[in-house]
Amino acid sequence: MEKKKEAEKKLVDIKDLTICSATGQMLEKARRDGVETAFDRAVTMKACPIGADSACCKHCFMGPCRLNAKDPYGKVGVCGADIDTIQARNFGRMVAAGTAAHTDHGMAMLALFRDVVRGEIPDYQIKDVGKLESVARSIGIETEGKSVQEIAEALYEELERTYIQVDGEVPFSKRVPEKTLEVWRKLGIVPRGAMREIMEMMHRTHMGVDQDYENLVKQCSRTALADGWGGSMVATEISDILFGTPSPVAVEVNMGVLKEDQVNIIVHGHEPNLFESILESVQEPTLVQAARDAGAKGINLVGMCCSGAEMLVRHGIPHAGNFMSTEAVLVTGAVDAMAVDVQCIKQGLAKVAECYGTKLFTTNPRCKILGAEHIEFHEHDPKDCTDEIVIRAITRFKNRTAQIEIPRIVNSGVHGFSHEYINYMLGGSFRSSYRPLNDNIINGRIRGVAGVVGCTNARMKQDWVHVELVKELIKNDVLVVQTGCAQVALAKAGLTSPESACLAGPGLREVCETVGMPPVLGLGSCVDNSRILIACTAMVNEGGLGSSIADLPVAGAAPEYMSEKAIAIGHYFVASGVYTVFGVTFPIIEGTKFYEHMFEELEKLGCGKWGFTVDPYEMARMMIAHIDKKRKALGIDKARERVLMDMADRRQMEG
Ligand code: XCC
């Protein structure tokens, strides 16, 4: 009886769990079907309060030692480590893990590129030669008079240093604005190879090594920068070179993109090569015929999470939902196969898939899940794996037994705003540059730019903080750029459509309507946050907005983050000069020296700084206040005469 009462008490109203109606509908169905999801587990699994405060040290076996967040300096660990050392060490290991995830992905993309260039993988080609040349030139590789093959070989050789270089600066440090790089050099945080940085981070956080929180934070910065300006940036650039640089494309999102009368295949993960190959397999005439023979009208390929976001911006492939919807989507019963590769793949998927007879396939040797079937993906013969997944999905379609219920919700938007396209979009083909963006910031039509990125989290009302924050920002004339699961949250809320410009403030609205763009620009997956770094650099280089990234009227946020990758991303933005506000929870104790350093002192050293709040409106206020502070420092706090310059004005000005 007591137990029953307890269970009833814990049955939270679904409206408090998500604002995504499709996910809510599926959570209702899951409850009826007796199927458990992460939302349920988050209610019954109380987060460990000591871990949440980062007040626990388990780096040696004299512990684990627990300190008291309410009296952080009241005691120290058995070895004598104080609260600042413990928090900085814990943070450092999170940065190392997040950086490792992105850089391991990036290194895999670079290895794929090498084998394609050397003719060892005929299934992929260099799709974007223009991008190949521009990336090569950006790091000092001479392209004039050289063949594509020669440029590609030289680029591979150079970018390999991003990972393995023992000394020196990563190749993409050549792209960093001079003054920002100067700050890094002064602080000693210019990254060497990512392997070296991650290794040193792990070493220094071992028991009895670095016990000075400021010194530890320096290594956190160097490691995170090896991600943002290293592993992640290489992953983005190489994926563009191999699979095409995104440009705006109309896309449908939400669970209504599933089709009851078709074979539905979802790809969920982070490495675009699996998805690119499945895209080919679903168009294979023999497989399309096999699907028809099984009674299906066709094969419907759909993405989720970050590889879904990459395919969304690159090819306009429909997207079924973000991280907190991956179990819920299986509850439709309509998913015939879900193929996963690496990162953000809940082990809980195996159980839910089993309940609905969905085939769950792992494909990457780095990620196997008990209960899922493993069909290994080999780049040298990718179709072996992806054709087999399609065949198995068709078989499941033929033998469907689960009751099917697909939420009839589809949202449309425009995505695919790469840095290259932003350049073209605002300037047009005659004066393609960031000048119009900078001018519109200077004249006050656009107040500033905010990156709103990151995950969704079982401990937050899914999508709610993202949507409220972004609405607040655009209403105040702040242009929003997005990646990852955040982008999908806003797409489902309809804010990535050009029509949503009506929700923007008058200045931003005018710019959006003139150009025909939405006030919320979707850039791609989480590794594509590197596109935001490049956009910031372009704004600095264009002139008029200061001489370092830290001078720009920009801010970042990850309001519903959940992964260590997000911590690494947040810290590389902070180290690059961006004020970055996180929601949910932050592994830190307010009032400690470590807190002061991360939330205040870093800015005084020429970097950005961290901020935290769970409230979307407060988050918007904090970000806008920062943007206004930067506008004031630049002397553009008073909006200037609101005119758009034309070519004649510009020539006169330049003259
Ligand atoms: Fe994962 Fe990348 Fe977070 Fe989404 S946003 S939950 S990290 S899928 Ni990248």
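The values are calculated or read from the model by the stated rules, or taken from the named source; none is laboratory data. Bear in mind the structure is a predicted one, so any value in this text is a computation, not a measurement. Note that each Cβ is placed from the backbone with ideal geometry, even for glycine, and that neighbours are counted across all protein chains shown. To get the accessible areas, we keep the full protein, side chains included, count just its heavy atoms, and leave off ligands, DNA and RNA. Shrake-Rupley method; radii C 1.70, N 1.55, O 1.52, S 1.80 Å.
In the set (1) in contact with an Asp or Glu (Cβ under 8 Å, 6 or more places away or on another chain); (2) farther than 17 Å from residue 573 by Cα, residue 207 fails one condition alone, (1).
To keep it simple, each residue is scored yes or no on (1) over 30 Å from residue 132 (Cβ atoms); (2) of a type in the set (Gly, Ala, Ser); (3) under 33 Å from the mean Cα position of the chain (by Cα).
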{"residue": "73", "(1), (2), (3)": "yes, no, no"}
{"residue": "76", "(1), (2), (3)": "yes, no, no"}
{"residue": "94", "(1), (2), (3)": "yes, no, yes"}
{"residue": "102", "(1), (2), (3)": "no, no, yes"}
{"residue": "108", "(1), (2), (3)": "no, yes, yes"}
{"residue": "118", "(1), (2), (3)": "no, no, yes"}
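Residues being open to solvent by 10 Å² or more (accessible area, probe 1.4 Å), away from the ligand (no atom under 16 Å from the Cβ), without any contact (Cβ under 8 Å) to a residue 24 or more places away in the chain and within 24 Å of residue 457 (Cβ to Cβ) are represented in region 335-358 by at least one member. Among the residues of region 450-464, none is identified as more than 13 Å from the ligand (Cβ to nearest atom), under 21 Å from residue 573 (Cβ atoms) and either open to solvent by 20 Å² or more (accessible area, probe 1.4 Å) or in a loop (DSSP other than H, G, I, E, B) (or both). Considering each residue of region 5-28 in turn, at least one proves to be open to solvent by less than 70 Å² (accessible area, probe 1.4 Å), at negative phi and either at pLDDT below 95 or among the aromatic types (Phe, Trp, Tyr) (or both). Summed over region 542-571, the residues that are in contact with a Phe, Trp or Tyr (Cβ under 9 Å, 6 or more places away or on another chain) and within 14 Å of the ligand (Cβ to nearest atom) give a count of 12.
Within region 52-97, being of a type in the set (A, V, I, L, M), under 14 Å from residue 209 (Cβ atoms) and buried (at least 23 other Cβ atoms within 10 Å of the Cβ) holds for 86, 88, 96. Filtering region 294-323 to residues that are open to solvent by 10 Å² or more (accessible area, probe 1.4 Å) and within 11 Å of the ligand (Cβ to nearest atom) leaves only 323.
Please verify whether residue 585 is more than 14 Å from the ligand (Cβ to nearest atom), over 17 Å from the mean Cα position of the chain (by Cα), of a type in the set (S, T, N, Q) and modelled with pLDDT under 95, treating the condition exactly as stated. It is false that residue 585 is more than 14 Å from the ligand (Cβ to nearest atom), over 17 Å from the mean Cα position of the chain (by Cα), of a type in the set (S, T, N, Q) and modelled with pLDDT under 95. When residue 376 is tested against (1) open to solvent by 30 Å² or more (accessible area, probe 1.4 Å); (2) part of a loop (DSSP other than H, G, I, E, B); (3) under 16 Å from residue 29 (Cβ atoms); (4) not aromatic (Phe, Trp, Tyr), only condition (3) is not met. Filter region 156-179 for residues that are over 24 Å from the mean Cα position of the chain (by Cα) and in contact (Cβ under 8 Å) with a residue 40 or more places away in the chain; which is least open to solvent (accessible area, probe 1.4 Å)? Across region 156-179, the extreme among qualifying residues is 156. For region 323-339, the condition holds for no residue, the condition being that it is assigned to a helix (DSSP H, G or I) and charged (D, E, K, R).
Quick one: which residue in 383, 368, 351 is within 19 Å of residue 271 (Cβ to Cβ), of a type in the set (Lys, Arg) and over 24 Å from the mean Cα position of the chain (by Cα)? Residue meeting the stated conditions: 383. Just to be sure, is residue 524 closer than 26 Å to residue 320 by Cβ and within 14 Å of the ligand (Cβ to nearest atom)? When the stated conditions are applied, residue 524 passes them. The combined condition, being modelled with pLDDT of 95 or more and open to solvent by less than 20 Å² (accessible area, probe 1.4 Å), is fulfilled by residue 574. Summed over region 249-263, residues that are of a type outside the set (Lys, Arg) and assigned to a loop (DSSP other than H, G, I, E, B) total 5.
Selection within region 273-293: residues that are hydrophobic (A, V, I, L, M, F, W, C) and more than 16 Å from the ligand (Cβ to nearest atom). The member of this set that is surrounded by the most Cβ atoms within 10 Å (Cβ to Cβ) is 278.
One line per residue, one yes/no per condition, for (1) in a strand (DSSP E or B); (2) among the hydrophobic types (A, V, I, L, M, F, W, C); (3) surrounded by 24 or more Cβ atoms within 10 Å (Cβ to Cβ):
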position: 195; (1), (2), (3): no, yes, no
position: 199; (1), (2), (3): no, yes, no
position: 210; (1), (2), (3): no, no, no
position: 214; (1), (2), (3): no, no, no
position: 229; (1), (2), (3): no, yes, yes
position: 237; (1), (2), (3): no, no, yes
position: 241; (1), (2), (3): no, yes, yes
position: 247; (1), (2), (3): no, no, no
position: 265; (1), (2), (3): yes, yes, yes
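Would you point out the residue of region 465-492, among those that are more than 16 Å from the ligand (Cβ to nearest atom), of a type outside the set (Lys, Arg) and more than 18 Å from residue 422 (Cα to Cα), that is farthest from the chain's Cα centre (by Cα)? This residue is 476.
Under the condition of being acidic (Asp, Glu) and either touching a helix residue (DSSP H, G or I) at 6+ places or on another chain (Cβ under 6 Å) or in contact (Cβ under 8 Å) with a residue 60 or more places away in the chain (or both), the residues counted in region 560-600 number 2.
All of (1) under 30 Å from residue 78 (Cα atoms); (2) in contact with a Leu (Cβ under 7 Å, 6 or more places away or on another chain) hold for residue 203 with one exception: (2). Quick check: is even one residue across region 361-368 closer than 24 Å to residue 37 by Cβ and either at pLDDT below 95 or part of a loop (DSSP other than H, G, I, E, B) (or both)? Checking region 361-368: at least one residue is closer than 24 Å to residue 37 by Cβ and either at pLDDT below 95 or part of a loop (DSSP other than H, G, I, E, B) (or both).
For region 107-123, check the following and say yes or no: at least one residue is under 30 Å from residue 61 (Cα atoms), among the hydrophobic types (A, V, I, L, M, F, W, C) and open to solvent by 40 Å² or more (accessible area, probe 1.4 Å). Scanning region 107-123, I find no residue that is under 30 Å from residue 61 (Cα atoms), among the hydrophobic types (A, V, I, L, M, F, W, C) and open to solvent by 40 Å² or more (accessible area, probe 1.4 Å), so the answer is no. Among the residues making up region 471-500, those that are open to solvent by less than 20 Å² (accessible area, probe 1.4 Å), within 14 Å of residue 512 (Cβ to Cβ) and assigned to a helix (DSSP H, G or I) are 473, 474, 500. Among the residues making up region 33-54, those that are of a type in the set (Asp, Glu) and not in a helix (DSSP H, G or I) are 36, 53. Checking each residue in region 540-552 for being open to solvent by less than 20 Å² (accessible area, probe 1.4 Å) and in contact with a Gly (Cβ under 9 Å, 6 or more places away or on another chain) picks out 540, 548, 549, 550, 552.
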